[in-house]
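Everything below concerns the one structure shown next.
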Amino acid sequence: MVCSSARCSQAVGELRYFFCRLQQRSRNCARAPVITATSRLQHTELAAMRCLVVLATANALQQRYFASTARGCEPYLADELESIGASHVEIGRSGVHFDGDTRVGYAALIHARTATKVLEVLAWRNGVETAADLYNLGRDVPWPELMDVEGTLRVDATLTGGVAQALAHSHFSSLTLKNAVVDSFRGENQLGRRPSVAKDGCDVPLHLFLDRDRCTLYRSLSSESLHKRGYRSRTSHRAALRPTVAAAMLYGARWPQRSMRGEALCDPMCGSGTFLIEAALMARQIAPGLQRAESEGFACERWKDFDGDAWDEVIREARERVRDTCPSKIMGADAHAGAAGLARDGIANAGVEDDVTIQVADCLAWTPESKPSLVISNPPWDGRLEGADAAWTALRSFLKREAGGGVAHLLTGNMPVTRNLMMRASKKKKLSTGGVDLRCLTYEIRGSEVDVAPQIAKKDVPLWHAPPRSTYEALTVVVLKEKLRERSLKVSGR
């Protein structure tokens, strides 16, 4: 008998979790999510059951995870997870589902550069429509086996459309689940002791996901977002880019392959140096979570079922992979001394000060030590920084003068400002982070004998110095001529 692919897929997951559940008492076995949908297995075709039992048995030690990321970065995260041995990798919305044992979960936490969270499935259930349904789901999880009664927890909730009215308020749903957790401990001891709630740095961060009547309960392996690598100082650049998004753009530019060939990279408007630091970490194969693991640590290290041997193995292998030197040249500059200072601090904190060079220089006058084959930058484009038009026009001058024959990957959330480049993007990729829609633009740079300076007044350029007046006037004529030439108008020069 042949079964439908949809039913097979559903039964595979249910059987896998069911067999895991039978072995959850063993410390060395992966714990399985709590399920209540086993009755549906009775309606699965006999032929499908036979093959599915084999599959589920083979995957009995696998745990289900979800790694979140910025919108548009999912394919890069999926590639990272496959590279560390994850199985059943499925791209979702703002994240990737995958299977793996405890070691794979730890490896994702340490090695995934584009992930913001790594979440482990604890329980899931269909038909959750009331507070009682949600409470019962929480009570079914063996909490005393997972965390200490003196530990701390936090519950976050994400709701999608179609959630029952009784659970439509995220705070109420979070509170209901929290009550189920603490009541599990009160029933286990005579003194009524219970875990406490902590918003920051908690031992067990829980995440509740409600999609219509389906509820999935996760616990996060880290209390804080993974974009907090540990190398940034408390004083942050106001337009600093998240390292996870920077890593995705570097993957899109094929930087790991370029760095192995010894190609040079530069960011002429580096700000706090996020691109430069992430590029150096990639080139030297330094795991992004290694610094946090060796300093403040992660929440999963405080769990009762924490596998210390698997963790030590992951950390040891991550240290062994680090290259002693960087095979490529990584350079950056910023016209603002304060931004360049932040970049130097971050570079030193990340331990790549020997691999990255920073200069305080306007990109109009800056000449990199080596000709870059890859220019990657996040030029100013929104209300947090002034002079966006000036910056993009100055960037055009730099690209034509210093990076002819190379490629540029530029990030923006304001497409009109990119017109100042007077270049056509060969690729446009959508990204979204912090509720802001962004575009990663790829430009093939052609060399030019003419260096075009920005056609703007000095007062509009707080961070980029305008050229001397005589030069400025002459180059303004050049700008006008090129713009008119593109519109097929004939202009006679004087």
Residue ranges of helices (runs of 4 or more DSSP H) in the stretch 99-206 with at least 2 members within 26 Å of the chain's Cα centre (by Cα) and among the hydrophobic types (A, V, I, L, M, F, W, C):
102-111
In the stretch 309-341, the residues that are crowded, with 17+ Cβ neighbours inside 10 Å and under 24 Å from ARG258 (Cα atoms):
ALA318, CYS326, SER328, LYS329, ILE330, MET331, GLY332, ALA333, ASP334
Conditions (1) among the charged types (D, E, K, R); (2) surrounded by fewer than 18 Cβ atoms within 10 Å (Cβ to Cβ); (3) more than 29 Å from ARG103 (Cα to Cα); (4) in contact with a strand residue (DSSP E or B) (Cβ under 7 Å, 6 or more places away or on another chain): number failed by ARG261
(4)
Can you pull out every residue in the stretch 392-445 that is over 24 Å from ARG242 (Cα atoms), part of a loop (DSSP other than H, G, I, E, B) and in contact with a Leu (Cβ under 9 Å, 6 or more places away or on another chain)?
ALA403, GLY406, MET423, SER426, ILE445
Is it the case that the stretch 299-308 has a residue that's buried (at least 21 other Cβ atoms within 10 Å of the Cβ) and in contact with a Lys or Arg (Cβ under 9 Å, 6 or more places away or on another chain)?
yes
Working only within the stretch 304-342, note down all residues that are touching a residue at least 40 places away in the same chain (Cβ under 8 Å), among the aliphatic types (A, V, I, L, M) and not in a loop (DSSP other than H, G, I, E, B).
ALA310, VAL314, ILE315, ALA318, ILE330, MET331, ALA333, ALA339, ALA340, LEU342
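For every residue, the table says whether it meets (1) closer than 14 Å to TRP311 by Cβ; (2) touching a residue at least 60 places away in the same chain (Cβ under 8 Å).
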residue: GLY92; (1), (2): no, no
residue: THR102; (1), (2): yes, yes
residue: GLY105; (1), (2): yes, yes
residue: ARG113; (1), (2): no, yes
residue: TRP124; (1), (2): no, yes
residue: GLU129; (1), (2): no, yes
residue: LEU134; (1), (2): no, yes
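Tally time: how many residues in the stretch 172-213 are among the hydroxyl-bearing types (Ser, Thr, Tyr) and touching an Asp or Glu at 6+ places or on another chain (Cβ under 7 Å)?
Residues in the stretch 172-213 being among the hydroxyl-bearing types (Ser, Thr, Tyr) and touching an Asp or Glu at 6+ places or on another chain (Cβ under 7 Å): 1 in total.
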Considering the stretch 240-299 alone, what residues qualify as being at pLDDT 95 or above, hydroxyl-bearing (Ser, Thr, Tyr) and within 22 Å of ASP200 (Cα to Cα)?
THR244
Select from the stretch 217-232 the residues that are surrounded by 24 or more Cβ atoms within 10 Å (Cβ to Cβ) and among the hydroxyl-bearing types (Ser, Thr, Tyr) and list them in ascending order.
TYR218, SER220
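Look through GLY434, GLY447 and report the one residue that is surrounded by fewer than 18 Cβ atoms within 10 Å (Cβ to Cβ), at pLDDT below 95 and closer than 26 Å to ILE286 by Cβ.
GLY434
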Please give the number of the condition CYS270 fails out of (1) surrounded by 20 or more Cβ atoms within 10 Å (Cβ to Cβ); (2) within 27 Å of ARG316 (Cα to Cα).
(2)
What do you reckon, is VAL96 assigned to a strand (DSSP E or B), β-branched (Val, Ile, Thr), buried (at least 21 other Cβ atoms within 10 Å of the Cβ) and within 25 Å of the chain's Cα centre (by Cα)?
yes
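Hey, can you tell me all the residues within the stretch 314-330 that are charged (D, E, K, R) and either touching a Gly at 6+ places or on another chain (Cβ under 6 Å) or closer than 9 Å to ALA283 by Cβ (or both)?
Of everything in the stretch 314-330, just one residue is charged (D, E, K, R) and either touching a Gly at 6+ places or on another chain (Cβ under 6 Å) or closer than 9 Å to ALA283 by Cβ (or both), namely ARG323.
The values are calculated or read from the model by the stated rules, or taken from the named source; none is laboratory data. Just so it is clear, the model here is predicted, and its values are computed rather than measured. Glycine also receives a Cβ, built like all others from the backbone with ideal geometry; neighbour counts cover every protein chain displayed.
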